[in-house]
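The values are calculated or read from the model by the stated rules, or taken from the named source; none is laboratory data. Please read all numbers here as calculations on a predicted model, not as lab measurements. When we count neighbours, we look across all protein chains shown, and the Cβ atoms used for this are built from the backbone with ideal geometry, even at glycine. SASA here: full protein model, heavy atoms, side chains in, ligands and nucleic acids out. Shrake-Rupley method; radii C 1.70, N 1.55, O 1.52, S 1.80 Å.
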Amino acid sequence: MAIFEHEQRLPCSVESLFNFMTRPENMVRLSLPESKLVFYSAPEVIQPGIELEFEVQAYGQAQSIVHEIVDVERPRRIFERMLHGPFEDLEHEHLFEGNENEAKLIDRITFTPPRGLLGVLLTEARVMASLQKSFDYRRSQLEALISQGELA
C-alpha cells in the first residue's frame, strides 16, 4: 500500500480551518480547475456515516467516485474511505493541529494502485505526482483565501 503525506501550516485558527474543510462546496474551490470536481450527493457539512458522490476528470476520463466519511473528531480529524472508484483501496485522513493563531493540516492518503490495464496507466509514481500537484494547488488556494480574509 502506498502512502502520500502533505503538511501545511496556515495563519488561521484550527477551528476555522476545520469548519472550512468540512464543507464539500469548499473542496470544489480547492481542487484543480482541470479536475472539474462536481458533487452529486453531499450535505452542507460532512458528518460520520454520510457518503459523498462526486465526479472528477482524471487521466483523461471522467471518474465517478463515492467516499464514505468514516469519522469526524471536531476539530482534530476527518477520516474518509473510497467505496467506489478507480483504486482498490484508498483512505484519506485529515489531521488538524494548532490553536487560534496557527493551524497545521496534515493529509495522509493510503492507496493501492489499480491492477490490470488501468494499473498500467495509474502507476504508484504517477498517482503520487498527481496528488502532489493537487495538494500544491490546494496550498496556494488556502493561502489566497486566508490573505483575502475568508478564514480567520
Condition first: of a type in the set (Asp, Glu), without any contact (Cβ under 8 Å) to a residue 60 or more places away in the chain, touching a Gly at 6+ places or on another chain (Cβ under 8 Å) and surrounded by 14 or more Cβ atoms within 10 Å (Cβ to Cβ). Can you find one or more residues in region 58-70 that meet it? yes
Return yes or no: is GLU73 among the charged types (D, E, K, R), under 22 Å from TYR137 (Cβ atoms) and without any contact (Cβ under 8 Å) to a residue 24 or more places away in the chain? no
Residues of region 42-52 being open to solvent by 80 Å² or more (accessible area, probe 1.4 Å) and in a strand (DSSP E or B), which ones? GLU51
Within region 1-41, residues open to solvent by 50 Å² or more (accessible area, probe 1.4 Å) and assigned to a loop (DSSP other than H, G, I, E, B) come out as MET1, PRO11, ARG23, LYS36
How many of the residues making up region 99-117 are free of Cβ contacts under 8 Å to residues at least 60 places away in the same chain and open to solvent by less than 70 Å² (accessible area, probe 1.4 Å)? 2
Among residues of region 34-57, those that are in contact with a helix residue (DSSP H, G or I) (Cβ under 9 Å, 6 or more places away or on another chain) and either farther than 30 Å from ASN99 by Cβ or at pLDDT 95 or above (or both), counted: 12
Tell me whether region 122-134 contains one or more residues that are of a type in the set (S, T, N, Q) and buried (at least 17 other Cβ atoms within 10 Å of the Cβ). yes
Hey, could you check region 88-98 for residues that are surrounded by 18 or more Cβ atoms within 10 Å (Cβ to Cβ) and hydrophobic (A, V, I, L, M, F, W, C) and say which is farthest from LEU131 (Cα to Cα)? PHE96
